[in-house]
Amino acid sequence: MTNGILEATLEVLKEDVQGILHEWIEQADEDGAKRADLFSEKEERDQAASLLRAFRVGVRDTSRGGEFVLKDEHWADLRGILSEITHERVERGVLPGEMAALILALKVPLFSRLKEKLSDSPDLLIDEVILLSKAIDAFAIYTNEVFIAEREQIIERQRDEMLELSTPVVELWDKVLTLPLIGTLDSLRAQEVMESLLQAIVERQAEVVIVDITGVKTVDTQVAQHLLRTAAAVRLMGATCIISGISPKIAQTMVELGVDVGEVLTRSSIKSALTDALTSVGVAIRAIDDNGTRKP
């Protein structure tokens, strides 16, 4: 049952699916929405065919007098297919505007067929085109929303992966860990740093932890507080925390900011921090002479 809603469009879709599909892809190519560098001809056609079929089902089943709300149950098939296609296109680097342009390109082959089919009924043609335009516009808007949401999920996942890579806890020696920090230390990353470090202390039974900030660009009050909180958490776990990489500039900045490091051990380099860490666990490193004998 169509209830008069896009009845002519449904007839057109039924009569010439392949022709519409072919012209749609060609129009998308002209509009710059076809990505031949990312998808093969078969992939482009299969995706377009799936979307077109689901769009027809949604138009056929809708019963809201021309209000095309793609979150309704009538469009469940289209939403499912769109989600799969969008995920794949985002992964391959398609832009939101290109995806929306692909959907809007469907107007051209449908409008041309409606013009021919309803040439003797201009009033009906106008009504049909207006309704169809609303349907495709709603389709394009929803597609853009899904596309942006998918991109945000991927960006969030990549951000989490980068955070994991940017907070590597390394075991330098038995019971001695180091955490080299590089870049900017914001609240979110500081939380990740603390969680990773505390977990590593438990897993490796660490007694000394070196937090090296040689690669941290700037140290302000917030960064300093994050470091001190991390050191306090390490102490609560029964380990000693040494902050290394304190350059003269960073030291001067912390003094000007009035940051009190309290009981936290600080060293200018990771070399000196490592020496202290090894000493605290009863290990000494000695040089050897040319004969391979340890020097006293």
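The values are calculated or read from the model by the stated rules, or taken from the named source; none is laboratory data. On a predicted model such as this, the values are computed, not experimentally measured, just so you know. All Cβ positions, even for glycine, are placed from backbone atoms using ideal geometry, and neighbour counts span all protein chains on display. These accessible areas exclude ligands, DNA and RNA; they are computed on the full protein's heavy atoms, side chains included. Shrake-Rupley method; radii C 1.70, N 1.55, O 1.52, S 1.80 Å.
Can you name the residue in region 168-213 that is over 28 Å from the mean Cα position of the chain (by Cα) and over 24 Å from Ala284 (Cβ atoms) and is also least open to solvent (accessible area, probe 1.4 Å) among such residues? Result: Val202.
Among the residues of region 220-263, count how many are closer than 28 Å to Val202 by Cβ and either not polar (S, T, N, Q) or not assigned by the TED database to the domain that holds Gly183 (or both).
Count: 23.
Could you tell me whether Ile126 is assigned to a helix (DSSP H, G or I) and in contact with a helix residue (DSSP H, G or I) (Cβ under 6 Å, 6 or more places away or on another chain)? The answer is no for Ile126.
Of the residues contained in region 79-98, none is found to be within 30 Å of Asp123 (Cβ to Cβ) and assigned by the TED database to the domain that holds Leu131. Among the residues of region 56-105, the one identified as without any contact (Cβ under 8 Å) to a residue 12 or more places away in the chain, outside any helix (DSSP H, G or I) and either within 25 Å of Gln18 (Cβ to Cβ) or within 24 Å of the chain's Cα centre (by Cα) (or both) is Leu95. Of everything in region 110-156 that's closer than 19 Å to Pro96 by Cα and among the acidic types (Asp, Glu), which residue is surrounded by the most Cβ atoms within 10 Å (Cβ to Cβ)? Checked region 110-156; the qualifying residue surrounded by the most Cβ atoms within 10 Å (Cβ to Cβ) is Glu150.
So that you can scan it fast, the table gives a plain yes or no per residue for (1) open to solvent by less than 60 Å² (accessible area, probe 1.4 Å); (2) touching a residue at least 60 places away in the same chain (Cβ under 8 Å); (3) among the aliphatic types (A, V, I, L, M); (4) part of a helix (DSSP H, G or I):
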site: Ile5; (1), (2), (3), (4): yes, yes, yes, no
site: Leu10; (1), (2), (3), (4): yes, no, yes, yes
site: Ile20; (1), (2), (3), (4): yes, yes, yes, yes
site: Ile25; (1), (2), (3), (4): yes, no, yes, yes
site: Ala28; (1), (2), (3), (4): yes, yes, yes, yes
site: Arg35; (1), (2), (3), (4): yes, yes, no, no
site: Arg45; (1), (2), (3), (4): no, no, no, yes
site: Ala49; (1), (2), (3), (4): yes, no, yes, yes
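Since Pro96 meets every condition but one in (1) at pLDDT below 85; (2) out of contact with any Phe, Trp or Tyr (no Cβ under 6 Å at 6 or more places or on another chain); (3) closer than 19 Å to Lys34 by Cα, which condition does it not meet? Only one criterion is unmet by Pro96, namely (2).
Determine whether Leu185 is assigned to a loop (DSSP other than H, G, I, E, B), touching a residue at least 12 places away in the same chain (Cβ under 8 Å), touching a helix residue (DSSP H, G or I) at 6+ places or on another chain (Cβ under 7 Å) and within 19 Å of Ile242 (Cα to Cα). For Leu185, the condition - assigned to a loop (DSSP other than H, G, I, E, B), touching a residue at least 12 places away in the same chain (Cβ under 8 Å), touching a helix residue (DSSP H, G or I) at 6+ places or on another chain (Cβ under 7 Å) and within 19 Å of Ile242 (Cα to Cα) - is met. Against the conditions (1) aliphatic (A, V, I, L, M); (2) touching a residue at least 12 places away in the same chain (Cβ under 8 Å); (3) loosely packed, with under 13 Cβ neighbours inside 10 Å, Leu265 satisfies every one except (3).
Only one entry of Phe139, Phe147 meets the criterion of being of a type in the set (Phe, Trp, Tyr), over 21 Å from the mean Cα position of the chain (by Cα), part of a helix (DSSP H, G or I) and modelled with pLDDT of 80 or more, and that entry is Phe139.
Across region 200-210, not a single residue is classified as outside any loop (DSSP other than H, G, I, E, B) and either over 22 Å from Trp173 (Cβ atoms) or not assigned by the TED database to the domain that holds Asp174 (or both).
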